[in-house]
Amino acid sequence: EQGLHRALEWASLRPGTVITGIYVFPASPESNAGMKLPSTIPFLELADQICQKAKIPFKKRIVGGKEYRVLDAEIQNGDFDLLVIGASGAGASSPEEIGSVCEMVVKRTKIDILVISNSSFVAKGPILVAVDGSPNSFGGVLTALELGKQRSLPVTMVSAFDSDYHKAVFNYME
């Protein structure tokens, strides 16, 4: 539910946003033969109610298959700008670890991702941005500044520089 509230905060920054809730029914096509996908999922119904109260359109999708493959296909075939995903699922062995579905999706997706690792955490600042000089990290800075402005939170940037690594790379390039 906290992930949804964070998605709503993000959506409120961008007029015209639609939130899509996707539930992946964990079944392979072989094991799903003759099995009917559920028509309602309680947390999708809750998400729909919360979005209605916030006056943000909500689309509900229930799909069967291997979780990360289905999410990857949905992202590839959809018109999404941001993925909000929990760091670990309901079957997590340790809440401190990133789950396999989250890890696989993060590795494959080309859109921005907000990974929720602590469902009860409420950001009070500052927002930390890792900067490495790449266009993606610059995009992270711009996004962090936008979020910081909207939530009145300070933004801190950090960059790590390994001089031995950079010397080796530049010497190799010569």
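The values are calculated or read from the model by the stated rules, or taken from the named source; none is laboratory data. Quantities reported herein were computed from a predicted structural model and do not represent experimental measurements. Backbone-built Cβ (ideal geometry, glycine too); neighbour counts: all protein chains shown. Protein only, heavy atoms only, side chains kept; ligands, DNA and RNA dropped before computing areas. Shrake-Rupley method; radii C 1.70, N 1.55, O 1.52, S 1.80 Å.
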What does the accessible area of Ser137 come to, in Å² to the nearest 10, when a probe of 1.4 Å is used? 10 Å²
Using 7 Å Cα-to-Cβ label points, what is the Ala73/Tyr165 separation (nm, one decimal)? 3.7 nm
In nm, the gap between the two label points placed 7 Å beyond Cα toward Cβ at Arg61 and Phe80 is 0.6 nm
Amide H partners (placed H, <5 Å) of Met157, local residues excluded: Val129
Please list the non-local residues whose amide H lies under 5 Å from the amide H of Phe25, H modeled 1.01 Å from N, same-chain partners needing a gap of 5 or more. Val63, Gly64, Gly65
Taking H placed 1.01 Å from N in the peptide plane, check which residues at least 5 places from Gly89 or on another chain put their amide H under 5 Å from its amide H. Gly99
